[in-house]
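> Please see the structure below; I have some questions.
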Amino acid sequence: MLRNVHIVLVDTSHPGNIGAAARAMKNMGLARLHLVRPARFPSAEATARASGADDLLVAAQCHETLTDAVADCTLVLGVSARVRSLPWPMLEARAAARRAVTAAGRGPVALVFGREQSGLSNEELARCNFLVRIPADPVYSSLNLAAAVQVLAYELRLAAESGTEASPATEDAPPAVAADLERFYTHLEAVLVEIGFLEPASPRHLMRRLRRLFSRARPDRNELAILRGILSAVQARRIRPQVESGAGNGDGSMGSTP
Ligand code: SAH
């Protein structure tokens, strides 16, 4: 199960933190390290701090964007200590680890860690299903990046050793991955602009709220296909408006007959 948990480090400035994170991961049985735009990598400092975990550095994948790094993941958790202006669903480290290990039984899961100086941006957080907080003293709650990876890696190990929860009975279709959701958001935004609901110059706030709504609901692949179908039907109707009102969508559910 732990092999399906990916650790993603965004914009890391100090290569030593990448090495120390790799070591923390390997100690706890994690193997998949993803780096988004690391300032310096590969680096001798990272290799030295990784010690016997340099194989994780060799296998680490680098990405240009967070969206690319989590594209194949069914659950994305943003690890962050910062309080947000738009509150986001939140889990504490222990509960997050249990969720992650359960979801890892059905596909890859990502834990995303932010920059040493400024953490994760709101746009990055909007790509996460949950924000994860490590309980700490409020007076000084910001851990070193590799120390934060260590805490989560340890919690993941404990969660994996205590076994996973059963999947809810409603899971009758494969989970959607982050790339499916990104395609849906792009389609949704285009339709909202086309119908004049969204101002193209300032889509951010509404789209963040809509992302929060759908990441709470976590639609599966079938449900996303239905939503995409609805969007395509709206677009088709705008291109070729139906002459008779109440013509419906062919299944009678929208007809004008009582
Ligand atoms: N000063 C930054 C914190 C950077 S610490 C800020 O304002 O956000 C580097 C990273 O370690 C964070 O982005 C986060 O992923 C993780 N981290 C550190 N302390 C944490 C805590 N108490 N809870 C959750 N994540 C934490």
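The values are calculated or read from the model by the stated rules, or taken from the named source; none is laboratory data. Everything numeric here is computed off the predicted structure, so don't read it as measured data. Backbone-built Cβ (ideal geometry, glycine too); neighbour counts: all protein chains shown. Please note that ligands, DNA and RNA were not included when accessible areas were found on the heavy atoms of the full protein model with its side chains. Shrake-Rupley method; radii C 1.70, N 1.55, O 1.52, S 1.80 Å.
> Could you list which residues have their amide H under 5 Å from that of C62, counting only those 5 or more apart in sequence or on another chain, with H placed in the peptide plane?
Answer set, sorted by chain and number: L35.
> Still on this structure, please answer the following. Which percentage, to the nearest 5, of the DSSP beta bridges contained in the chain is antiparallel?
10 percent
> By how many degrees, 0 to 90 and rounded to 10, does the Cα axis of helix 178-194 deviate from the longest principal axis of the chain?
40 degrees
> Using only the Cα atoms of the range 2-161, construct the convex hull and provide its projected area averaged over every direction, in square nanometres to one decimal.
8.4 nm²
> Note down the Stokes-Einstein diffusion coefficient of the range 178-239 in µm²/s, whole number, using a Kirkwood radius over alpha carbon pairs, 20 °C, and 1.002 mPa s. Present the calculation step by step, with values, prior to reporting the outcome.
Details: Rh = 12.1 Å.
After rounding, the answer is 177 µm²/s.
> Please list, in chain and number order, the residues 5+ apart from R32 or on another chain whose amide H is under 5 Å from its amide H, with Hs placed from the backbone.
I7
> Determine ³J(HN,Hα), in whole Hz, for all residues of the range 195-200 in sequence, where each value follows from phi through the Karplus function 6.51 cos²θ - 1.76 cosθ + 1.60 and θ = phi - 60°; x replaces Gly and Pro.
Going residue by residue, I get 8, x, 7, 10, 7, x Hz, with x marking Gly and Pro.
> OK, next. Which percent of the accessible heavy-atom area of the chain goes to carbon and sulfur, probe 1.4 angstrom?
Result for the chain: 54 percent of the exposed heavy-atom area is carbon or sulfur.
> If you count only protein heavy atoms with a 1.4 Å probe, what accessible area per residue comes out for the chain, rounded to a whole Å²? Don't jump to the answer; show the numbers that get you there.
On the way: 13610 Å² over 258 residues.
Solvent-accessible surface per residue comes out at 53 Å².
> Which chymotrypsin sites (Phe, Trp or Tyr not before Pro) does the range 47-140 hold that lie in a coil by DSSP with at most 10 other beta carbons within 10 Å?
Loop-located and lightly packed - Y140.
> Another question about this same structure. Counting other C-beta atoms within 10 Å, and keeping those with at most 13, which DSSP coil chymotrypsin sites (Phe, Trp or Tyr not before Pro) do you find in the range 145-238?
Sites meeting the loop and neighbour criteria: F197.
> In whole Hz and in residue order, list the ³J(HN,Hα) couplings for the range 18-33 that follow from phi through the Karplus curve 6.51 cos²θ - 1.76 cosθ + 1.60, θ = phi - 60°; x for Gly and Pro.
Each residue's phi maps through the Karplus curve to give 5, x, 5, 5, 4, 5, 4, 5, 5, 4, 9, x, 8, 10, 9, 10 Hz.
> Right, here's the next one. Give the long-range amide H neighbours of L91: residues separated by 5 or more places, or on another chain, with amide H under 5 Å away, using H modelled in the peptide plane at 1.01 Å from N.
Here L131, V132, R133 satisfy the definition.
> Apply 1/(1 + (r/R0)^6) to the Cβ-Cβ distance of A39 and F197, taking R0 = 45 Å, and write down the FRET efficiency to the nearest 0.05.
Efficiency, from the Cβ-Cβ distance: 0.65.
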